[in-house]
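To keep things clear, I will list the structure first and then write my remarks on it.
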């Protein structure tokens with residue numbers, strides 16, 4: 001059995017499978033937008049769908065800088081539902097240092113991280129070209145999916 005251990009480890013590495021000891025920090029991505037219930041929610045939802053389709057171990061969460069609601073706006077919930085995502089039980093959460101500590105990547109979408117939340121710049125990306133989903137959901141979805149596909153390509157290659 002010990003003969004197979006190096007082969008299994010090599011295959012896991014080649015296939016992009018996280019090792020058992022990698023923990024949450026090796027696979028968690030945090031998407032952040034102003035309120036945490038539109039762009040970051042859409043991004044986390046699409047990211048999780050695409051990562052699962054690709055068989056990648058990554059998982060995303062949505063956070064807000066200043067959440068101002070406990071729900072998802074109806075047009076956004078409807079759009080996500082049409083894309084196969086159920087957000088009925090989703091409640092926006094404020095970004096916290098603990099979210100950042102456990103993330104392999106932090107994506108700030110059309111916002112800045114709050115002053116009390118610090119992260120090394122190598123783990124932060126800023127997506128400032130995503131249209132307002134409340135104005136044009138389809139355009140926001142297209143922009144987010146393009147960013148997410150590229151992000152997953154980069155993460156899988158690491």
| task | Any residue in the range 106-131 that's closer than 17 Å to residue 62 by Cα: show its pairings with residues that are in a strand (DSSP E or B) and modelled with pLDDT under 85 at Cβ separation under 7 Å, as long as the two are six or more apart or on different chains. | result | none
| request: Pull up the range 105-129, narrow it to residues that are at pLDDT 95 or above and in a loop (DSSP other than H, G, I, E, B), then point me to the one that is surrounded by the fewest Cβ atoms within 10 Å (Cβ to Cβ). | output: 128
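For the range 20-36, name all the residues that are modelled with pLDDT of 95 or more and part of a loop (DSSP other than H, G, I, E, B).
Taking the range 20-36 as the starting set, the residues that turn out to be modelled with pLDDT of 95 or more are 28-36.
Residues satisfying the conditions are 34, 35, 36.
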| said: Looking at residue 156 and the list (1) within 13 Å of the chain's Cα centre (by Cα); (2) in contact (Cβ under 8 Å) with a residue 60 or more places away in the chain, which single condition is not satisfied? | reply: (1)
| said: Checking the structure you have, find out if any residue of the range 44-60 is surrounded by fewer than 13 Cβ atoms within 10 Å (Cβ to Cβ), part of a helix (DSSP H, G or I) and modelled with pLDDT of 95 or more. | reply: yes
| Failed item, numbered, when residue 63 is tested on (1) under 18 Å from residue 125 (Cα atoms); (2) in a helix (DSSP H, G or I) | (2)
| said: Just to verify a result, which residue in the range 66-104, among those that are in a helix (DSSP H, G or I) and in contact (Cβ under 8 Å) with a residue 12 or more places away in the chain, is surrounded by the most Cβ atoms within 10 Å (Cβ to Cβ)? | reply: 80
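Check whether at least one residue in the range 130-137 is closer than 27 Å to residue 26 by Cβ and either at pLDDT 95 or above or not in a helix (DSSP H, G or I) (or both), and report yes or no. Reasoning before the result, please.
Step one: list which residues in the range 130-137 are closer than 27 Å to residue 26 by Cβ, which gives 130.
Still in the running and either at pLDDT 95 or above or not in a helix (DSSP H, G or I) (or both): 130.
The answer is yes; a qualifying residue exists.
The values are calculated or read from the model by the stated rules, or taken from the named source; none is laboratory data. Here the structure is a predicted model, which is why all the values come from computation and not from measurement. Heads up, the Cβs are rebuilt from the backbone with ideal geometry, glycines too, and the neighbour counts pull from every protein chain shown.
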